[in-house]
Amino acid sequence: MQRKIEIFFRNEGDPVTNLKQRYSVVSLFCGAGGLDMGFENRGFRTIWANDIDKHACETHRRWSKTEVVCGDIAHLDLAKIPRADVIIGGFPCQGFSLAGPRKLDDSRNSLYRHFVQLVEQQKPQIFVAENVKGILTLGKGQIIDAILKDFERKGYRVSATLVNAADYGVPQIRWRVIIVGVRKDLDLEFRMPSSSGEKVVLRDVLGSLPPPEPDEICEAPYSSRYMSRNRKKGWNEFSFTIPAMAKQAPLHPSSPDMIKVGVDHFVFGEGTSRRLSYREAAAIQTFPAEMEFCGNLTKKYLQIGNAVPVRLAESVASRVYELLERVK
């Protein structure tokens, strides 16, 4: 069965703001909570969350009032998870990512099945999953097709939409796939808003930040992989995608431009070059300035890079809220 993957570029407002928390959410693979925070900002209350990373769980606990259970989802009793109106989660994407080897038999690719199982048990009105662009082409489309069919068989009308976070008030080029399922008996259809209408660039989020402390910046040597392409964006541009690896963090816009000197070979221009600090990376991911991340520097960059940008999550949550308001 062929499915259309929608790609949006047009402008469209987001009418849902300043809402009371009327609907409950259970969050799987929650990480530091970018997706959860976006939903909480748009009328939802996260009642239970889970992740295997202890540092991410502690980060989540520090900003939320959620019951955060740290552990492998494969070893949890799903029957004990409280029922919610909506189930959300960004199931692990390392096996799907374009950034590394894409293996059909990667064990992390099957973790979404626990998501499917919980959806089957709870029958929430709506579920939302997020993943990387690479999931669309893995196995020549076989993987995304299988994932959508798994959810459809549980009684859901499912859509997969490819979006760029830069179209939703996020100052970075970050392509992601948003998978949304609406229970078929509700007779509703989810459509991702085409854009928030707000364009935010690096100057808007980094210009007012104080200079970082030395221990907030990854100082690892620059590898040949790092120097194989340009890593610098200017103040009035969108950032490159914020990665989960500290040593792959893009350069701060105050750095000199990188110069191409050969095939897959760049050098730094004259002046001082440095990576984005983890706090600057968090700002680009649209986390609040006061957000506290737990763990060492590497773990902080990891949590930030793995997160769903808060503003992108808000746009998704706004549309989900609108649909739930139409349920009688």
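Database remark: amide H of Gly43 closer than 5 angstrom to the amide H of Leu19 (H placed geometrically; neighbours at sequence offset of 5 or more, or on other chains; Pro and chain starts carry no H). For Ala220 and Asp264, the FRET efficiency from 1/(1 + (r/R0)^6), where r spans their Cβ atoms and R0 equals 35 Å, is about 0.95. Convex hull volume per residue, computed on the Cα atoms of segment 245-328, equals 144 Å³. Rolled with a 1.4 Å probe across the full set of protein chains, the surface gives Glu325 an accessible area near 80 Å². Distances between placed amide hydrogens fall under 5 Å for Cys218 paired with Tyr278, all partners being 5 or more residues away or on another chain. Cys70 sits among other residues whose Cβ lies under 12 Å from its own Cβ, and their net charge, with Lys and Arg +1 and Asp and Glu -1, is -3.
With +1 assigned to the C-beta of every Lys and Arg and -1 to the C-beta of every Asp and Glu, and no other charges, what is the dipole magnitude of the chain about the Cα centre in debye, to the nearest 20?
With Lys and Arg at +1 and Asp and Glu at -1, about 660 debye.
Heavy-atom accessible surface of His75, to the nearest 10 Å², is about 150 Å², with a 1.4 Å probe and all protein chains retained.
Compared with the dominant principal axis of the Cα atoms in the chain, helix 310-325 is inclined by about 20°. Measuring max minus min along each principal axis, the C-alpha atoms of the chain give extents of 62, 42, 41 Å (largest first). With R₀ fixed at 22 Å, the C-beta to C-beta distance from Ser254 to Arg62 puts the FRET efficiency at about 0.15. Modelled label positions at Trp235 and Thr272, each set 7 Å beyond Cα in the direction of Cβ, lie 1.6 nm from each other.
Taking all protein chains together and rolling a 1.4 Å probe, Ile259 ends up with roughly 90 Å² accessible.
Sort Ser208, Ser239, Ser159 from largest to smallest accessible area, using a 1.4 Å probe on the heavy atoms of the protein chains. Each step should come with its number before you reach the end.
Working: Ser208 105, Ser239 5, Ser159 25 Å².
Accessible-area ranking of Ser208, Ser239, Ser159, largest first: Ser208, Ser159, Ser239.
So which residue, out of Gln125, Gln303, Gln117, gets the largest mean-square fluctuation from a GNM of the chain using Cα contacts under 10 Å as springs? Ranking Gln125, Gln303, Gln117 by mean-square fluctuation puts Gln117 first. Using alpha-carbon pairs under 8 Å, 6+ residues apart, how would you state the relative contact order of the chain in percent? So the answer I get is 20 percent. Of the three principal axes defined by the Cα atoms of segment 138-274, the extents in descending order read 61, 35, 28 Å.
Neighbours of Arg274, meaning other residues whose beta-carbon lies under 15 angstrom from its beta-carbon, give a summed charge of -1 when Lys and Arg score +1 and Asp and Glu score -1.
The values are calculated or read from the model by the stated rules, or taken from the named source; none is laboratory data. Keep in mind the model is a prediction, meaning the values are calculated, not measured. Ideal geometry is used to build each Cβ from the backbone, glycine not excepted, and the neighbour counts take in all protein chains shown. The accessibility values were calculated without ligands, DNA or RNA, using every heavy atom of the protein model including side chains. Shrake-Rupley method; radii C 1.70, N 1.55, O 1.52, S 1.80 Å.
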